[in-house]
Each structure stands twice: as structure tokens, then as C-alpha cells.
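Have a look at the structure below before the remarks.
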Amino acid sequence: MSKTLIVAGLLVTSMSTFTPIARGQVKPTDVAHHEWWHHAVFYEVYPRSFADSNNDGVGDLNGITSKLGYLQHLGVKALWITPCFPSPQVDFGYDVSDYESIDPMYGTLADFDRLVAQSKAHDIKIILDFVPNHTSDQHKWFLESKSSRTSPKRDWYIWRDGKGPNQPPNNWTSTFGGSAWKYDPATGQYYYHYFYAEQPDLNWRNPEVVKAMLDAMRFWYKRGVAGFRLDAVDTLYEDPNLKDNPLLPGTDKFGFPNTNEIYNKKLPEVHDIMRAMRKVADEYGAVLIGETWTQNVAQLREYYGARNDELQMPMDLMMTEFKQVSAPAFRDHIGAVEGAGGWPVFVISNHDIVRSYTRWGDGVHNDDIAKLMAAMYLMLRGTPIMYYGEEIGMENSDPKSKDDVRDPIGRRGWPLEKGRDGERTPMQWSDAKNAGFTEVTPWLPVAPNYRTHNVVTETADPQSILNFYRRLLDLRRDEPALREGQYVALNPQDPNVFAFVRRLKGEGVLVALNMSGSSQTVKVDLKAAGFSQPKMRVLLTSSHTPITKVSTEIEMEPYSALIAKTVK
Ligand code: NOJ
């Protein structure tokens with residue numbers, strides 16, 4: 001049922017689900033009651049590697065500010081900046097030693113404020129990365145906690161006696177290798193760390209921890225942050241009785257027994273904290289994005305909350321695990337996402353995952369495949385989160401030897417686990433030395449393809465991946481059907497071409513994606529999408545030989561995308 005409300009002088013036609021937010025703010029929404037983040041394209045910046053303004057080899061906040069013009073022209077509306085808080089950098093910022101400041105390596109709070117102000121002028125919002133599961137072992141809370149068994153902060157972390165001499169409290173393992181427990185000889189107890197030993201887990205069962213962390217979020221909201229990406233939410237809680245996890249066959253990359261992590265992952269209490277964080281976010285009209293690793297769409301659905309009162313944007317990270325470009329696989333997945341309700345959040349790359357250019361590339365058609373996959377996920381119903389450099393086809397560039405590895409897991413797990421350096425190399429701005437990222441030696445070497453795949457070269461080439469991304473983002477902005485239209489799958493049995501229509505009222509936008517390495521003929525019968533056969537106009541194609549007309553059968557080049565619109 002819809003009703004009309006007068007809120008602060010604005011006329012708002014609302015569905016019965018409309019909930020006015022706290023503090024009298026009016027959230028701007030469109031006719032479908034969408035908020036800004038429903039239609040924004042997000043862009044992840046790994047600050048160490050984006051732009052180095054002071055030539056010390058590491059990127060910084062002023063570097064990001066200097067690139068806002070580029071980002072605005074690309075069409076992104078929100079930047080998620082991975083942690084830039086003070087940190088010993090064991091896990092390159094995911095070991096936070098102060099939640100309410102900026103690491104001097106990246107600049108100052110004044111630089112941050114300037115970034116927020118300048119972003120606003122570029123119509124871009126800033127999202128920070130909040131790390132609730134653990135702090136650095138150098139955080140003052142942990143130093144105090146560690147100082148004695150009777151410290152008032154002892155219970156801010158998870159301390160336990162061992163099972164016996166030289167035996168940790170249970171069999172839980174760290175995802176970064178080895179036991180998840182570290183012995184502290186000074187106090188004779190173990191503390192728990194799901195990630196590195198330098199990242200002790202906070203005890204979220206302690207209300208003082210909850211308050212301190214929610215206050216840290218408020219600190220940034222008050223400085224103009226539009227939301228947070230929440231790190232590692234699955235591991236916030238552990239079974240208080242510390243039951244051993246059941247063993248599974250085989251060993252992990254670090255040689256430890258595989259286990260089914262039922263007692264230290266995805267505990268139901270996680271949802272209480274998501275709701276508490278959402279309440280605070282709602283006070284500021286902010287958005288929460290989750291690092292939500294799930295095995296299926298039903299699991300992902302839970303993170304929106306039973307009453308849509310948890311995360312607005314739990315990330316669908318499942319497609320990043322698809323090893324191959326395959327029409328049936330992507331069609332099935334998107335079908336499942338669409339069937340589950342909730343606003344989808346699509347991701348194909350990030351700083352922990354092999355870059356999509358390399359993961360899905362076949363070594364011959366990599367540029368074509370990069371455009372094809374961009375056309376897929378940027379044309380779907382939902383919010384996409386790009387990873388810096390994806391738009392120019394940055395490749396993964398793994399270290400060549402163990403001595404070159406910077407990411408500790410790569411040193412610990414070499415050669416089976418090479419670490420994540422390969423997907424974190426400097427942004428490729430030009431074909432100049434160090435890809436224009438810095439004038440000194442960068443903290444990681446630039447990837448070899450910077451000579452051909454960089455912003456300057458690709459800006460000048462109308463057929464580049466970069467210009468294709470720009471056009472896709474323009475289409476999302478300009479075509480209402482791409483923003484709000486329903487998703488309707490076509491040709492469900494086609495093994496090669498994944499095709500769908502985005503339908504809004506009488507309009508439709510067809511997206512046809514040849515996911516095979518050979519030419520294909522695709523049948524265009526829009527009856528399934530509720531259209532009698534309409535005329536169509538091509539909006540964009542990645543074909544080398546341009547397609548100008550759409551009839552009931554279209555010839556598609558290998559790994560090519562076609563986007564066309566119904567015309568009346
Ligand atoms: C997920 C982050 O994306 C990753 O980079 C980090 O190492 C772990 N969480 C621990 O914070």
C-alpha cells in the first residue's frame with residue numbers, strides 16, 4: 001500500500017515500509033524509494049598503492065585527493081578507502097592501533113578533512129574501512145589488557161588458560177596459518193587471534209568494547225564519512241565454551257589440519273552487533289557494507305537482517321570464486337541472487353583476491369574478457385563495487401621469489417600461498433617510470449602491463465577498457481531501466497551466451513554476453529521479458545566489428561558484449 005507523507009516540507013510518496021530516519025533528516029530517495037547508494041558505483045582504493053603525493057614510495061590521502069577529477073570523470077560516486085588509521089602495518093593497515101586518527105604515512109586528519117570536502121565538490125562520498133574483529137597488538141587497549149590478569153581491560157580481548165602445558169585452549173586455527181592462540185609468558189595465558197598474532201580479537205561480549213567501537217564509528221560519521229565497509233564480520237564472536245572445531249580431511253596451505261569452523265565463525269550473535277551498528281549508522285544516514293563471505297545466497301540474505309535492519313550492502317563475493325567465464329554458471333548465480341530479495345552488491349575483485357583480469361583472462365582475449373565481465377556486473381540490478389585499476393585492465397603480478405614477498409602470509413605459505421601483493425601493485429597512471437605512481441621506488445613493483453594498460457594511454461584509445469568502463473557507467477547514469485529495471489533472463493538453455501533484459505515500465509535494455517571463445521548466434525525474442533518484438537537501438541558493444549543493428553538473431557564475436565535498447 002502506498003501513502004503520501006509531508007516530511008520537512010517535501011512531498012514523499014511512500015510504500016508502507018517507509019520509515020522516517022532519526023534526527024529529522026530526510027533521505028533523498030527516487031520513485032522506487034532508492035537511496036543514493038542503490039545507484040552509485042563504488043570504487044575501492046587501496047591507499048598504499050593509489051597515488052603517492054609526497055614521493056616516499058607509498059600512496060597517501062593527498063594522492064587520492066589529487067585524483068578525484070579522474071574518478072569523477074570515470075563516473076564513480078563513492079570511494080571505499082581500505083584502512084588508513086595508525087597501524088604497525090603488519091597486515092598493511094588491518095591491524096589498527098588507533099581508531100580515531102590517520103597514520104602519518106597517509107597524512108593527517110586535516111588531509112582527511114580536505115579529502116572529504118574535495119570529494120563533496122566532486123559529488124563523491126567517502127566510505128572508510130572499519131575493523132571490528134581485532135585491533136593491533138600495539139593498540140593501547142591491548143597493551144593494557146596484556147599488562148596483567150587483573151587489568152580493567154583484560155576482558156576486552158579473549159584470554160584463556162591452556163589445556164595443559166604447552167597446549168593452547170583448543171584446536172582453532174588462524175586463517176593466516178598456525179594455531180589461533182598465542183601464549184603470553186608474562187601472564188601465563190593465551191590470547192585468541194583469528195588473523196595474525198599481531199591482530200588479537202576483541203571480546204564483543206564485553207559491553208565496554210561495544211560502546212568504544214560504536215563511538216569510534218560516530219567519530220568518523222561526524223567528520224563526514226558516508227558509511228563503512230565492515231571487515232571480517234563473520235568472526236566477531238566465538239563459542240564461550242571454546243569447543244573444538246570438527247576436523248575435516250586434509251591440511252590447509254600452512255600444513256595445519258582443516259577444520260569446520262562452526263564454533264568461531266558466523267555465530268548468531270554477529271547479527272545483534274550488525275543491528276547495533278545499523279542503528280548508529282541510521283542516526284547519520286550512513287550505509288554499511290559487509291565483507292560477507294558466504295557459500296550461497298541464502299546465507300548472504302541473512303546479513304540484510306530479518307527486518308532489513310542490518311547491513312544495507314552485504315557484498316556478494318561469490319562470483320570472485322568462479323574460476324571460469326561461463327554463461328550457465330553466471331546465469332544460475334544471478335538467478336539465485338534475484339530470487340532471494342535484497343538489493344544485490346556485486347564485486348569481481350578486491351585487495352585479497354587475484355585480479356579479475358588475470359583470473360578470468362585466457363591469455364589471448366584478456367582485454368575482451370575484461371570488457372565482457374564489466375558489461376555483465378555493471379549492467380545488473382544492484383550496486384557494483386569496482387577495485388582500483390580494474391577499469392584499465394590491471395593484471396595480477398605475483399612476487400617472483402619468497403624474498404620479494406611483502407604480505408606475511410606469502411612468506412609463511414610460499415610457494416602454495418604467495419600472499420596478496422600481486423593484486424595490490426601501484427595504480428598504473430601512465431607509461432612513465434613506476435607507471436606515474438611515484439618518482440621513487442614504489443613499495444611494490446608495478447605490474448609489467450603498465451606500458452600498455454595505463455590511464456593516459458587508454459584515455460587516448462577509444463577502444464580501450466577504460467573508455468568502455470566510462471561508457472558503461474554513463475549508461476547506468478542515463479538509462480532508468482539500468483538503474484531500476486527488473487532483471488529478466490533470456491534463453492535459459494544457451495550454453496554460451498548469457499543474455500538478460502532490464503525492464504522498466506515500457507522500456508527494456510538488452511544485455512547479451514558471449515562468454516565463449518567462439519562466435520555465436522544469439523536469438524533475441526523479448527516475449528519472455530514482456531515485449532512483443534520491439535525495434536532496438538544499439539547502445540554499446542565491445543565487438544571489434546561494430547554491431548549497428550539488432551534483429552531477431554545477432555552474430556556475436558567471441559567474448560563480446562552487446563547492449564541495446566527498445567525503441568518505440
Ligand atoms: C579482510 C581484509 O580484507 C584483509 O585484507 C585482512 O587481512 C583481513 N580481513 C584481516 O583484517
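Here is how the numbers come out for the structure above:
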item: Enumerated strands (runs of 3 or more DSSP E) restricted to the stretch 242-340, each holding at least 1 residues that are of a type in the set (A, V, I, L, M) and under 26 Å from I126 (Cα atoms); result: 287-290
item: The stretch 460-490: number of residues that are within 19 Å of G342 (Cα to Cα), aliphatic (A, V, I, L, M) and crowded, with 18+ Cβ neighbours inside 10 Å; result: 3
item: Residue check for N496: surrounded by fewer than 22 Cβ atoms within 10 Å (Cβ to Cβ) and touching a residue at least 60 places away in the same chain (Cβ under 8 Å); result: yes
item: Number of positions in the stretch 505-539 that are farther than 13 Å from K568 by Cα, modelled with pLDDT under 95 and touching a strand residue (DSSP E or B) at 6+ places or on another chain (Cβ under 8 Å); result: 7
item: Residues (surrounded by 12 or more Cβ atoms within 10 Å (Cβ to Cβ) and over 14 Å from K549 (Cβ atoms)) located in the stretch 523-532; result: K523, D525, L526, A528, A529, G530, F531
item: So D403, is it in a loop (DSSP other than H, G, I, E, B) and surrounded by fewer than 21 Cβ atoms within 10 Å (Cβ to Cβ); result: no
item: Given (1) more than 27 Å from G227 (Cα to Cα); (2) more than 16 Å from the ligand (Cβ to nearest atom); (3) not polar (S, T, N, Q), index of the condition F176 fails; result: (2)
item: Any hit, the stretch 365-377, residues being touching a Ser or Thr at 6+ places or on another chain (Cβ under 6 Å), within 16 Å of the ligand (Cβ to nearest atom) and either in contact (Cβ under 8 Å) with a residue 12 or more places away in the chain or not small (G, A, S) (or both); result: no
item: Positions within the stretch 55-96 being under 14 Å from E198 (Cα atoms) and among the aromatic types (F, W, Y), in sequence order; result: F92, Y94
item: Subset of the stretch 126-142 that is assigned to a strand (DSSP E or B) and over 15 Å from I158 (Cβ atoms) - its residue that is farthest from the ligand (Cβ to nearest atom); result: I126
item: F92 being touching a strand residue (DSSP E or B) at 6+ places or on another chain (Cβ under 9 Å) and not in a helix (DSSP H, G or I); result: no
item: Residue that is surrounded by the fewest Cβ atoms within 10 Å (Cβ to Cβ), among those in the stretch 321-346 that are within 28 Å of D398 (Cα to Cα) and without any contact (Cβ under 8 Å) to a residue 40 or more places away in the chain; result: K323
item: H139 vs. criteria surrounded by 17 or more Cβ atoms within 10 Å (Cβ to Cβ) and touching a Lys or Arg at 6+ places or on another chain (Cβ under 7 Å); result: no
item: Subset of the stretch 153-195 [part of a strand (DSSP E or B), touching a strand residue (DSSP E or B) at 6+ places or on another chain (Cβ under 8 Å) and of a type outside the set (D, E)]; result: Y157, W159, R160, T173, S179, W181, K182, Y183, Q189, Y190, Y191, Y192
item: Residues (at negative phi, of a type outside the set (D, E, K, R) and touching a Pro at 6+ places or on another chain (Cβ under 8 Å)) located in the stretch 406-429; result: G410, G422, T425, P426
item: In the stretch 402-452, residue farthest from the ligand (Cβ to nearest atom) [restricted to those that are closer than 20 Å to L71 by Cβ and of a type in the set (S, T, N, Q)]; result: S430
item: Residue match in the stretch 220-234 (condition: buried (at least 20 other Cβ atoms within 10 Å of the Cβ), at pLDDT 95 or above, assigned to a helix (DSSP H, G or I) and not charged (D, E, K, R)); result: yes
item: Single match in D56, D52, D95 (criterion: surrounded by 23 or more Cβ atoms within 10 Å (Cβ to Cβ), away from the ligand (no atom under 16 Å from the Cβ) and closer than 25 Å to D352 by Cα); result: D52
item: Cβ pairs under 7 Å, 6+ apart, first in the stretch 131-160 and of a type in the set (D, E, K, R), second within 16 Å of the ligand (Cβ to nearest atom); result: D137/E198; D137/P200
item: Hey, Q89 within 16 Å of the ligand (Cβ to nearest atom), out of contact with any Asp or Glu (no Cβ under 6 Å at 6 or more places or on another chain), at pLDDT 95 or above and of a type outside the set (K, R) or not; result: yes
item: Residue match in the stretch 238-257 (condition: modelled with pLDDT of 95 or more, under 26 Å from the mean Cα position of the chain (by Cα) and either more than 16 Å from the ligand (Cβ to nearest atom) or not β-branched (V, I, T) (or both)); result: yes
item: Filter pass, V76 being modelled with pLDDT of 95 or more, under 24 Å from T292 (Cα atoms), within 16 Å of the ligand (Cβ to nearest atom) and not aromatic (F, W, Y); result: no
item: Subset of the stretch 533-551 (residues that are surrounded by 11 or more Cβ atoms within 10 Å (Cβ to Cβ), of a type outside the set (A, V, I, L, M, F, W, C) and assigned to a loop (DSSP other than H, G, I, E, B)); result: Q533, P534, S542, S543
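The values are calculated or read from the model by the stated rules, or taken from the named source; none is laboratory data. In this text the structure is predicted, and so the values were computed from the model without any measurement. Every residue, glycine as well, gets a Cβ built from its backbone with ideal geometry; the counts of neighbours run over all protein chains shown.
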